[in-house]
Each structure stands twice: as structure tokens, then as C-alpha cells.
Amino acid sequence: MSRVCIGIAGAAGRMGRMLVQAVMEREEVQLTAAWDRPGSEFLGRDAGELAGVGPSGVLLGEGGEAAFGGCDVVIDFTAPAATLAHVALAESRGARMVIGTTGLDETGKRRIAEASGRIPIVMAPNFSVGVNVMIQLVAQAAKALGEEVDIEIIEAHHRHKVDAPSGTALRLGEAAAEALQRNLKEVAIYGRQGLTGPRDRKTIGFATVRGGDVVGDHTVLYAGDGERLEITHKASSRMTFARGAVRAALWLAGQGPGLFDMRDVLDLK
Ligand code: NAD
């Protein structure tokens, strides 16, 4: 079987470097292109050397249509505006996309859903296997504990993260809300301050911690009268996301157009 050709967008970033490493460690895939934003100080550097795993023979470029040409799948962990520009290029070049970027607004998400009518896309706020199992467990616990508990979601990330709460925390909130037939948009409380009054049981609270080099911790707390249940996931290395994204890219190579998430890839649905 021929190897799946992969392009990495944002290859100089924290996740981009991990993705280059994850692609280079698997035989079924081949790094075909790697790029970062125009003007980046890393342009022209070998992507593998930048990732600390030795020469790859692929130099960091500025992206654009030419970069997309040779790629079966583009993996994109960049920023919302960049991701939407990449989706347009993928559509015109018929490339598949694995999207890990978080912080997209509703318009951006709609645009991606629309593009998925023409190209296959996997998009997930978290590519770790553990978190995707956690999403299932959170829905199951919400269903069983029903109206008897208060649900709070606590997340912690490194000091460089630019969006809050994390995409993963929101996804966990959606899983709990859906299981209880609530609309997260109506019941979410993003932080509390001052005279908040007593808690409404129907709400789902979010608390965000930012500091140091925390890769990503998420806890869903079900607080009842007389007992508390906590479901926690802690990521200790970004490689867990990168390996999951490469696994998604391989899976996607065999799919037709559609919008998929990591639970499709892992057959957890
Ligand atoms: P980062 O800032 O270290 O890296 C982003 C990279 O994208 C930078 O190198 C930047 O120069 C580059 N970039 C920006 N605009 C570009 C463009 N137009 N073309 C090409 N490259 C461009 O950030 P990071 O920590 O690597 O995170 C990136 C994104 O991935 C964030 O949205 C983060 O929340 C998300 N993330 C998702 C997961 C997941 O599992 N889904 C895991 C970790 C991080």
C-alpha cells in the first residue's frame, strides 16, 4: 500500500513540532509538506530538525496552494483564521483535513461543516484517546445521576493558551448537557464573581485555571447531597494529541466527504 502523504500547517508551533515527530515515527505516512505563517523566523528550516528528530528533507515553507497540491491529508493545529484559509485551499485542491485548532466561533464552525460536504474532515477539540473515552463516560454518568447533582467542569492549561474555557471542556459540557436534554448555550455559566445567589441545578459551571506548563487537565464533577463523583483526565505530553491526529489522518484517507470527530476514528460511537 502506498504511504499517505501528509502536510503539517503551523509546523513551527508547539503542536506542529509534535505532529512532525508523530508523522516521522510511522511508516504508513510520509511528510510531504510543512509550513508556518508568512514571515515566521523558522521558514526555510528542515521541519524534522526543528522538531528535534533529525532531517526530514522537508523545508518549512509559507504554505499556499502549492503546499496543498501533494498532500492527501493536511493536519492543522494553528489558529481560527489560518484554519479557515486552509479549509478553502483544501476544498480547491481536494485535500482531506484533520483540524485540531480550538476557539473557532459559530460562523467558523458552520464554514467547516459546509466544506465537509465536499471534502472529508476530522475535527476534534482533543485528539487523545483517553479524553474521547472520557466524553462517553461523562454522558453515561450524567444520564445515570440525572437531576440529582450539580455539574461543574474544571480545566487547567499552560500559560500560553489563548482561548478559554478549553475546547475540550466545552465538548465535555455538551456531552453532559445532551445526555440531560439541556442546551449548553442556555445552561452554561462561565466563571462566577460577586453576589451570584444560590446555584441553579440545571446550570453547568466552568472554571478555568491557566499557568506554567500544564499540558491539559480536565475534571467533570458531579456534586450531590452526600456524595461527589469526579471524572478526571490529565495529559502529560502533547505527543498524545499528535499521535491521535496522525491516527485520524490515516483513518480519513479511506473516507468520503463528511464531518467526523475522534470518536468516529476510534469507533466509540
Ligand atoms: P502555537 O502558537 O505554539 O502554534 C501555532 C502555530 O501556527 C504557530 O507556529 C503559528 O505561527 C502558526 N500559524 C499561525 N497562522 C498560520 C498560518 N496562516 N499558516 C501557517 N501557520 C500559521 O499553538 P499550539 O499550542 O501548537 O496550539 C495550536 C492550536 O491547537 C490551538 O488552537 C490549540 O488550542 C490547539 N490544540 C488542540 C489540541 C487537540 O487535541 N485538538 C491539542 C493541543 C492544542
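The values are calculated or read from the model by the stated rules, or taken from the named source; none is laboratory data. Remember, predicted model here, so these are calculated numbers, not experimental data. Every residue, glycine among them, receives a Cβ derived from its backbone with ideal geometry; neighbour counts consider all protein chains shown. Calculation scope for accessible area: heavy atoms of the full protein, side chains included, ligands and nucleic acids excluded. Shrake-Rupley method; radii C 1.70, N 1.55, O 1.52, S 1.80 Å.
Overview of results
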quantity	calculated
Shape of the chain, Cα gyration tensor, a/c cut at 1.5	prolate
Antiparallel DSSP beta bridges within the stretch 5-76, as percent of all bridges there, nearest 5	10
Considering only the chain, percent of DSSP beta bridges that pair antiparallel, nearest 5	35
Low-density loop positions, trypsin sites (Lys or Arg not before Pro), the stretch 48-129 - DSSP coil, at most 16 other Cβ in 10 Å	118
Antiparallel bridges, percent of DSSP beta bridges restricted to the stretch 102-245 (to nearest 5)	60
For the stretch 103-159: rounded, prolate or oblate by the Cα gyration tensor [a/c cutoff 1.5]	prolate
Lysine-lysine proximity count for the chain, Cα under 23 Å, sequence distance 8 or more or distinct chains	10
Residue 25 accessible area, 1.4 Å probe, all protein chains in place, Å² to nearest 10	90
Chain lengthening between residue 41 and residue 227 when straightened (0.36 nm per residue, less Cα-Cα)	61.6 nm
Cβ crowding within 10 Å averaged over residues, with 183-195, 52-64, 212-224 ranked highest first	212-224, 52-64, 183-195
Global geometry of the stretch 47-183, whether rounded, prolate or oblate, following the gyration tensor of its Cα atoms and the 1.5 cut on a/c	prolate
q = 0.08, 0.09, 0.15, 0.17 Å⁻¹: log10 I(q)/I(0) that the Debye formula gives for the stretch 128-269, counting C-alpha atoms only	-0.24, -0.30, -0.81, -1.00
Helix-only mean residue ellipticity at 222 nm for the chain, each DSSP H run of n ≥ 4 adding -39500 (n - 2.57), per residue, nearest 500	-10500 deg cm²/dmol
Length-normalised contact order of the stretch 216-269 in % [C-alpha pairs under 8 Å, at least 6 apart]	24
Computed over the stretch 10-116, the ratio Rg/Rh where both radii use C-alpha atoms and Rh is Kirkwood	0.95
